[in-house]
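Accompanying notes for the structure given below.
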Amino acid sequence: MRSLLFVPADSAAKLDKAMASGADALIVDLEDSIVFDRKASARQSAAAFLKQAVAISPRPSILVRVNGLATGLTDSDLDAVVPERPDAIMLPKAEGGASVAHADAKLAVREALSNLPDGHIKLLPIATETAAGLFLAGTFTGASPRLSGLTWGAEDLSSELGASASRDSHGAFLDPYRLARVLCLAAAAAAQVPAIDTVYVDFRDQNGLRRECEEAVRDGFSGKMAIHPAQVPIINEVFTPSRQAIAQARAVIDAFAKEPGTGVVAIGGVMYDRPHLTRAERLMARLAPPRGSTDHSP
């Protein structure tokens, strides 16, 4: 998934508009964008939206961001949305593999009660959103077969650390959040799942968004979350591999396929080894459309 667009669960108009945004995935939000007094009605709205949206084909992948395990609200969130078959649950403030295993167990029970196949609903944790999460980022590996990726967040971490800002005057992340970003990237690589970059909150700054997307692609992220539909086209553009990159990846894969026993191949006078093959295979894997969507390969 290249673009994952947050949409408040209590706004039917925004949910309907988001379906046509071009985002690869929608994140129906029951957490930060919903005040406590509206949680119950937001669950009903999310369930009603899911009931209609999952039947549409083609469609974006649909995730639901539930409230974190420590809030005591997760069970009610899952009770409301699991019967309507979301593609995945986004788990905020996840603290390592133990929290994923906990969420996995909750999902397994509700899938059985809803006559859903075991493991139908995937999990996308926000991995480094708390101070404890930073220390546990390396424990996601093997936590659950539902694990479909890892992402990170700066705003909640900033609040927990007592910081006054997460970015400098030029819009670049400060050191604590750069650390959180790198730990998320490394944790995803260790768990062999995609890493999804966090949101760029100034949705009017398209140049800043493009720059941050380009940096994320450079470093190994496969997609980015969005807070506004206007951000989706830029995210999709930057995270879609270019025709040149695809051709190069195919050439590397084909060269190794012709010499399966070798560790190094030559293409156009340049030597490529096994890490280049792994990189090429990952790039090609990014071209696979998310569940329910259309193919977006160039």
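Where a number appears in this text, it was derived from the coordinates with a stated rule and is not lab data. Note that the coordinates shown come from a computational prediction; the quantities given were computed from them, not determined experimentally. Note that we place each Cβ from the backbone using ideal geometry, even for glycine, and neighbour counts take in every protein chain shown.
Annotations for the structure displayed:
- Charge context of Asn115, other residues only, Cβ under 14 angstrom, K/R +1, D/E -1: -1
- Summing +1 for each Lys or Arg and -1 for each Asp or Glu among the other residues whose beta-carbon sits under 9 angstrom from that of Glu155 gives -3.
- Highest-first packing order for the peptide set 105-117, 49-61 is 49-61, 105-117, based on the mean count of other beta carbon atoms within 10 Å.
- Estimated dipole of segment 243-285 in Debye, rounded to 20 [Cβ of Lys and Arg +1, of Asp and Glu -1, Cα centre]: 160 debye
- Springs between Cα atoms under 10 Å define the GNM used for the chain, and in it the highest mean-square fluctuation of Thr139, Thr130, Thr278 occurs at Thr278.
- DSSP-defined beta bridges in the chain - what % are antiparallel, rounded to 5: 15 percent
- Within the listed set Ala247, Ala98, Ala42, the residue fluctuating most in the Gaussian network model of the chain (springs between alpha-carbon atoms under 10 angstrom) is Ala247.
- Counting only Cβ charges, +1 for Lys and Arg and -1 for Asp and Glu, the dipole size of the chain around its Cα centre is about 680 debye.
- Based on the Kirkwood approach, the hydrodynamic radius assigned to segment 30-84 is 11.7 Å, with every pair of different Cα atoms included.
- Unit charges at the beta carbon, dipole of the chain: most positive-side option, Ala280, Ile27, Val100: Ala280
- With θ taken as phi - 60° and the Karplus curve 6.51 cos²θ - 1.76 cosθ + 1.60 applied, the whole-hertz 3J(HN,Hα) list for segment 214-229 is 4, 5, 5, 4, 4, 8, x, 6, 9, x, 8, 7, 10, 10, 8, x Hz, x standing for glycine and proline.
- Using a cutoff of 8 angstrom between alpha carbon atoms and counting only pairs six or more residues apart, the relative contact order for the chain works out to 17 percent.
- Where a label projected 7 Å from the Cα of Arg204 along Cα→Cβ would reach, residues of segment 234-258 with amide N under 20 Å: 234-235
- Largest mean-square fluctuation among Pro260, Pro176, Pro241, in a Gaussian network model of the chain whose springs join Cα atoms under 10 Å apart, belongs to Pro260.
- Extension gain (nm, one decimal) between Val270 and Val54, 0.36 nm per residue minus Cα-Cα: 73.1 nm
- Summed over all non-identical Cα pairs, the Kirkwood treatment of segment 142-203 gives a radius of 12.7 Å.
- Overall Cα dimensions of segment 3-239 - principal axes, largest extent first, Å: 48, 36, 34
- Over segment 53-118, relative contact order from alpha-carbon pairs under 8 Å, at least 6 apart, %: 33 percent
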